[in-house]
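Peer 1: Before I ask anything, here is the structure I am working with.
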Amino acid sequence: MWHVILFNILMLAASVYALGWGGAPERIFVVLSVLALYASIHVHHENFLKLDVGLFLVDLALFCALFLLSIFSTRFWPIWMTALQGLCVLSHVVMLVPLPEEGFGYAVLEQVWAWPMEMLLIVATFRHRQRLAWTGTDRPWTLSFMRSVRPNRG
Amino acid sequence: MDALGIARLTEAQRVALRLFMERKTAKQIALELGITPKAVELRLKGAREALGVASSAEAARILAAAEQNPTFRETLGGLTEVAVSQPFGLDPAIESGTGGDETARDRPVLSEARVAFTHQPGRWQAGIGWPLPTGGNERNGLSLGARLLWPFLAICGIGLSIGMLVICGSLLSIAGIAIEHALR
């Protein structure tokens, strides 16, 4: 279970960093990922021995949310987050292929993408701070109506 | 390098020059900062006067060179305090875009600098563009089509790469077993 503990530490660190020092897109991603995690814990009952429809729907919903984020954000990272989440969604099709030890393979494929996503969040937040330090501003959204009261710090 | 001139620059002028160095137009800078294009133009004008140069491109280059030079930054730190009452500061009304001279308002914004940077790609990339901060494009300026397409291309790319790695790993394992058997 060491990998679970390690991932929880990574997720906590990345989330705290992004919530405290990130812009609006980074913070929204944290909220989305925490909601998805919470939903996953509640819907997952199958032990990866057959297609987990609940988990699939949660992954699909997160993919759609990240896709919207990648369309409206001025950052590049949501595109890659969306791609990684897309691979997570696709991992559910593994259950359609008869493979030995499919439970293990399904579990690994479904969960492995979360690691690079959390690492990417740390890099994204770090680069947001760099842009703020350099230009004093980091506009978060492509559309002006999505700006907040303090638009330039987002 | 004119250390005193750079020390005279206000923070607002420096921010405008830094964004200008990213090859943004006055309109884009204004959108970014939440001010009017005229206010941006006036900030750049003030920066040009402080540095004694004719073009904003030159002013931006001078500031960029200064900020990349550690020795110069230290010198600048000392000079900034001296230059607090700098003569090139703009009237707050002008800075906020609520006032200002007509000449500045009517002049084509940043035209001289656009010429200086025409050999480089613009912020809004032509074609599909790369979903990476390359070529000085720190922010995502991809078109809507590219934004819709890239996640799926990335899924294919990452998926195929990992698939290839798994296949290669499996083949190497099989080859290793075969070699081991052959050597016995």
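Peer 1: Could you check how many residues of the range B:1-51 are free of Cβ contacts under 8 Å to residues at least 12 places away in the same chain and at negative phi?
Peer 2: Going through the range B:1-51 one residue at a time, the tally reaches 4.
Peer 1: Among A:LEU60, A:LEU84, which is within 11 Å of chain B (Cβ to nearest Cβ), in a helix (DSSP H, G or I) and either under 18 Å from the mean Cα position of the chain (by Cα) or charged (D, E, K, R) (or both)?
Peer 2: Step by step, each of A:LEU60, A:LEU84 is checked, and only A:LEU84 is within 11 Å of chain B (Cβ to nearest Cβ), in a helix (DSSP H, G or I) and either under 18 Å from the mean Cα position of the chain (by Cα) or charged (D, E, K, R) (or both).
Peer 1: Right, something else. What number of residues in the range B:1-40 are farther than 19 Å from A:ALA133 by Cβ and either in a helix (DSSP H, G or I) or more than 10 Å from chain A (Cβ to nearest Cβ) (or both)?
Peer 2: Count: 19.
Peer 1: Now a separate question. Which residue, of A:VAL89, A:VAL97, A:VAL53, is at pLDDT below 85 and β-branched (Val, Ile, Thr)?
Peer 2: A:VAL97
Peer 1: Just to be sure, is B:ARG43 closer than 23 Å to B:PRO133 by Cβ, assigned to a helix (DSSP H, G or I) and at pLDDT 85 or above?
Peer 2: no
Peer 1: Show the residue pairs that are 6+ apart or on different chains and have beta-carbon atoms under 8 Å apart, the first residue being within the range B:61-78 and under 17 Å from A:ALA133 (Cα atoms) and of a type outside the set (D, E, K, R), the second being surrounded by 17 or more Cβ atoms within 10 Å (Cβ to Cβ) and modelled with pLDDT under 60.
Peer 2: Listed pairs, sorted by first residue: B:ALA66/B:LEU76.
Peer 1: Can you tell me which residue in the range A:114-150 is farthest from the chain's Cα centre (by Cα), limited to those that are farther than 24 Å from A:LEU62 by Cα and modelled with pLDDT of 80 or more?
Peer 2: Taking the candidates together, the pick is A:ALA133.
Peer 1: Given the criteria over 17 Å from A:TRP113 (Cα atoms) and either more than 16 Å from the chain's Cα centre (by Cα) or assigned to a helix (DSSP H, G or I) (or both), does A:LEU69 qualify?
Peer 2: Judged against the criteria, A:LEU69 is a match.
Peer 1: Another one. Go through the range B:149-165 residue by residue and tally those that are touching a residue at least 12 places away in the same chain (Cβ under 8 Å) and either closer than 15 Å to A:SER91 by Cβ or more than 7 Å from chain A (Cβ to nearest Cβ) (or both).
Peer 2: Adding up the residues that qualify gives 1.
The values are calculated or read from the model by the stated rules, or taken from the named source; none is laboratory data. These figures come from a predicted structure and were not determined experimentally. Heads up, the Cβs are rebuilt from the backbone with ideal geometry, glycines too, and the neighbour counts pull from every protein chain shown.
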